[in-house]
Amino acid sequence: MNGALAGAVATTLSVVCLVLLPFGSQRLLPQIEHPERLVLREAGWNRSLLAWEGLRAIGTVFGLALAGAFGVVLLGLIGAAAPSILARTIAARRRNGRARQTVAVLQMTLASLRSGATLTEALRFATRPGQEIEPGPFSAAMRGFDLGAPLDVALREARTPARDHRVVLGLDALALCVAEQLPSSRCVTLIGSAVDRLVFEQRIADDVRARTSGLRVQVVLLAALVPGLALYLAFTVPGLAETLSMPLGRFVLLPAAAILEAAGIIASRRLVSDIR
């Protein structure tokens, strides 16, 4: 194929695409979604995704500046990943807080039901301002109910962004009571069983966290021991310092060691999280 024929084919394809562009359907376009949208929502990020990417760019530039100053390329990667790590940590803590809050809301709802209140009144009492640490899915469901949506529909819609199974369990139990129009005695039984399960899971999680707290500290200390010994030997043994300052040490040995250290810490924490 000569150049003239290739140019003619490219021109033809361009003209066809420009002609068909106004008639194209948006359904054919790929739905591109930010991979950290849900994480940022759980972490409480209220600004735009463009501002988030700007923050990530600032961290990357700062990391690259440190990498250029110290000659360690890994610092650039750490600067780029630091905002995501911080956001996921905050999201995990807030998710755990919402799970604990779910138990408190269900317990207050159960107490109100046992005192003779209806389910709507019990939920309104449990989610009134000052009861919840932060506005959660139960408050969102009650806001939807106040705006005219059926209570069971509002509860099901509130479970859509929830990622913790404990929150989903509590919302499903309440939605089932409303959708099936169960009497108060059946609602008390159903919500009580959900509360007992959530309390049991929370006690197991707290027990595992308490039993593994010392082990997690030991893992971090052992992980910090190796870089400390390497730094000490780098100051006391000139040959090792020269090896680490060479391209082999800066671009292979040090990054590989840091990646293995981080992988060990993350794997140990992930294991404990899976057990909980």
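The values are calculated or read from the model by the stated rules, or taken from the named source; none is laboratory data. Keep in mind that this is a model prediction, so the values were computed, not measured. Every residue, glycine among them, receives a Cβ derived from its backbone with ideal geometry; neighbour counts consider all protein chains shown.
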Condition met for Gln131 (closer than 29 Å to Ile266 by Cβ, in contact with a helix residue (DSSP H, G or I) (Cβ under 9 Å, 6 or more places away or on another chain), at pLDDT below 90 and of a type in the set (S, T, N, Q)): no
Matching residues in the stretch 147-181 - criterion: being among the aliphatic types (A, V, I, L, M), under 15 Å from Leu123 (Cα atoms) and buried (at least 16 other Cβ atoms within 10 Å of the Cβ): Leu151, Ala154, Leu155, Ala158, Val167, Leu171, Ala173, Leu174, Ala175, Leu176, Val178
Helices (runs of 4 or more DSSP H) wholly inside the stretch 1-94 that include at least 2 residues being basic (Lys, Arg) and either modelled with pLDDT of 55 or more or closer than 26 Å to Ile265 by Cα (or both): 37-43
Inter-residue pairs, beta-carbon under 6 Å, first within 15 Å of Thr109 (Cα to Cα) and in a loop (DSSP other than H, G, I, E, B) and in the stretch 121-144, second of a type in the set (A, V, I, L, M, F, W, C) and modelled with pLDDT of 85 or more, 6+ apart: Thr127/Phe138; Thr127/Met142
Helices (runs of 4 or more DSSP H) completely within the stretch 184-276 that count 3 or more residues being touching a helix residue (DSSP H, G or I) at 6+ places or on another chain (Cβ under 8 Å), surrounded by 12 or more Cβ atoms within 10 Å (Cβ to Cβ) and β-branched (Val, Ile, Thr): 184-236, 254-275
Tabulated pairs, the stretch 152-170, first touching a residue at least 24 places away in the same chain (Cβ under 8 Å), second crowded, with 16+ Cβ neighbours inside 10 Å and among the charged types (D, E, K, R), C-beta under 8 angstrom, 6+ apart or interchain: Ala162/Arg98; Arg163/Glu42; Arg163/Arg95; Asp164/Arg95; Asp164/Arg98; Arg166/Glu201; Val167/Arg98; Val167/Arg159
Within the stretch 80-103, considering residues that are of a type in the set (Gly, Ala, Ser) and in contact (Cβ under 8 Å) with a residue 24 or more places away in the chain, the one nearest to Gln202 (Cα to Cα): Ala99
